[in-house]
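The values are calculated or read from the model by the stated rules, or taken from the named source; none is laboratory data. Just so you know, these numbers come straight off a predicted model, no measurement behind them. Every residue, glycine as well, gets a Cβ built from its backbone with ideal geometry; the counts of neighbours run over all protein chains shown.
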Amino acid sequence: MLAPLPSALTIIPPGRPLVGRVSPPGSKSITNRALLLAALAEGTSHLTGALKSKDTTLMAAALRHMGVTVEEPDATSFVVTSTGKLLPPAEPIFLGNAGTATRFLTAAVASVDGTVVVDGDEEMRKRPIAPLVEALRAAGVDATSATGCPPIVVNGTGRFPAGRIEIDGGLSSQYVSALLMVAPLADRPVDVALTGSDIGARGYVDLTVAAMRAFGAQVEQLDAGTWRIAPTGYRAADYVIEPDASAATYLWAAEALTGGRIDLGVASDAFTQPDAKAQAIIARFPNMPAIIDGSQMQDAVPTMAVLAAFNNTPVRFVGISNLRVKECDRISALSTELSRIEPGLAHEEGDDLVVSSNPDLANRLAGRNHLTRIETYADHRIAMSFALAGLKVQGITILDPACAGKTYPGYWEMLKSLGVEMKPA
Ligand SMILES: O=C(O)C1=C[C@@H](OP(=O)(O)O)[C@@H](O)[C@H](O)C1
Ligand SMILES: C=C(OP(=O)(O)O)C(=O)O
């Protein structure tokens with residue numbers, strides 16, 4: 001048994017194709033949207049296929065602190081009962097390093113009648129939220145953040161302001177999703193309009209609109225950068241959450257790297273999440289393209305970057321500057337940790353990541369008997385993606401493997417179920 005997880009885990013390359021059936025957990029993005037929308041709806045909503053992980057547990061706990069009943073009848077369901085109004089919590093709401101929960105709630109609590117402090121952990125306190133706070137302020141919400149990052153203090157009046165609200169989603173699409181989701185609570189229509197640069201991962205906004213509609217919202221897209229939201233509020237719903245596409249990328253990559261066959265029980269074209277686009281690129285391994293634009297599948301970049309190290313030809317990842325403000329600076333983390341496996345295996349060029357690639361990497365490093373200790377920076381995706389390198393290279397040792405629990409608590413057990421041996425280091 002791996003539980004409790006050790007402080008470091010060495011992956012033993014299986015030396016054979018990985019074959020088996022794995023059900024990825026529910027989508028983090030959709031679970032945290034559905035939890036919030038159910039909390040803003042009057043009545044009881046049943047969410048099934050949900051993710052239970054650190055990020056969704058923190059969202060559920062925050063909603064409970066604001067008067068919502070969130071029950072957990074089994075490992076993949078939430079039953080949410082609400083009056084449709086969030087109440088002021090007795091204490092600051094703590095959201096760890098959950099970007100979705102922090103950004104979505106910062107806007108949602110503008111509908112509370114009272115003061116809410118939205119806070120996160122040390123890493124979250126470095127992740128920018130100023131564009132969202134500024135947009136709320138310009139719309140008339142009393143929201144402040146001393147540092148441009150959490151904590152944020154929101155003094156709500158019990159009503160979200162109607163009218164036009166402008167937002168620069170260049171740094172994070174979550175700001176746009178956050179405003180869209182609170183908008184049906186106004187007493188007149190709200191137009192959410194993009195300013196400045198386009199949003200990176202537009203697919204996440206599409207996910208938001210789809211979830212809003214499932215909970216009764218009326219959203220009209222006026223043009224590429226403007227959405228009009230009717231003052232309908234939300235109604236409770238029974239909502240099925242699809243599996244997590246970002247989690248699926250590790251399985252697609254494990255399959256590609258080992259020449260295996262892993263049945264996820266869901267076709268790659270059945271996902272509505274943006275990261276599912278990575279499947280077509282991963283399927284081209286070991287002939288992945290020379291340039292990969294990661295802007296529309298940002299959370300899949302760590303997976304593809306580690307895979308690229310074993311590709312036939314070098315890969316340059318472009319359109320990924322937002323990766324610098326995720327759980328850690330992922331461009332720097334990927335470059336540093338790939339180069340720990342072999343010096344020069346990756347480097348940064350501006351905000352691009354260039355992976356030198358070496359199809360013979362596993363053979364070249366085969367005789368090596370020392371451990372390569374991969375720093376994971378409290379970032380689940382760095383931990384999970386570098387475990388893939390351990391399927392081919394001896395001695396890959398993942399520090400703080402428990403950080404995978406942010407979105408995929410069963411990750412190490414899943415690898416074990418496919419026959420991958422791991423030992424504490
Ligand atoms: O809306 C969402 O569910 C998400 C949007 C993306 O973040 P940004 O919009 O900050 O790029 C993504 O990286 C994150 O994991 C989930
Ligand atoms: C960036 C991520 O998460 P979030 O922004 O929701 O913390 C992620 O899951 O890769």
Subject >> Those residues of the stretch 196-240 which are buried (at least 22 other Cβ atoms within 10 Å of the Cβ) and away from ligand 1 (no atom under 12 Å from the Cβ), in sequence order >> reply: Met212, Phe215, Ala217, Trp227, Ile229, Tyr234, Tyr239
Subject >> Total residues in the stretch 114-148, condition within 16 Å of ligand 2 (Cβ to nearest atom) and more than 23 Å from Asp198 (Cβ to Cβ) >> reply: 9
**OP:** Any chance you could count how many residues in the stretch 166-205 are more than 16 Å from ligand 2 (Cβ to nearest atom) and either farther than 18 Å from Tyr234 by Cα or aromatic (Phe, Trp, Tyr) (or both)?
**Re:** 9
Original post:
When you scan the stretch 333-425 for strands (runs of 3 or more DSSP E) that lie fully inside it, which ones turn up with 2 or more residues that are more than 15 Å from Ile12 (Cα to Cα), in contact with a strand residue (DSSP E or B) (Cβ under 9 Å, 6 or more places away or on another chain) and not hydrophobic (A, V, I, L, M, F, W, C)?
Top reply: 346-349
Original post:
When the residues of the stretch 316-330 are filtered to those that are surrounded by fewer than 21 Cβ atoms within 10 Å (Cβ to Cβ) and not in a loop (DSSP other than H, G, I, E, B), which remaining residue is nearest to ligand 2 (Cβ to nearest atom)?
Top reply: Val325
Subject >> Out of Leu334, Leu418, Leu345, sole residue that is at pLDDT 95 or above, within 16 Å of ligand 1 (Cβ to nearest atom) and crowded, with 18+ Cβ neighbours inside 10 Å >> reply: Leu334
Original post:
Going by the conditions given, is Asp74 of a type in the set (Asp, Glu) and within 13 Å of ligand 2 (Cβ to nearest atom)?
Top reply: no
Subject >> strands (runs of 3 or more DSSP E) wholly inside the stretch 40-122 containing at least 2 residues that are of a type in the set (D, E, K, R) and either farther than 21 Å from Phe160 by Cα or assigned by TED's automatic domain parsing to the domain that holds Phe215 (or both) >> reply: 113-119
Subject >> Those strands (runs of 3 or more DSSP E) lying entirely in the stretch 161-263 with at least 3 residues in contact (Cβ under 8 Å) with a residue 12 or more places away in the chain, out of contact with any Leu (no Cβ under 7 Å at 6 or more places or on another chain) and of a type in the set (A, V, I, L, M, F, W, C) >> reply: 190-194
Original post:
Condition test on Gly120, is it within 16 Å of ligand 1 (Cβ to nearest atom), closer than 25 Å to Ile320 by Cβ and within 18 Å of the chain's Cα centre (by Cα)?
Top reply: yes
**OP:** Hey, could you check the stretch 63-110 for residues that are among the polar types (S, T, N, Q) and crowded, with 21+ Cβ neighbours inside 10 Å and say which is farthest from ligand 1 (Cβ to nearest atom)?
**Re:** Ser82
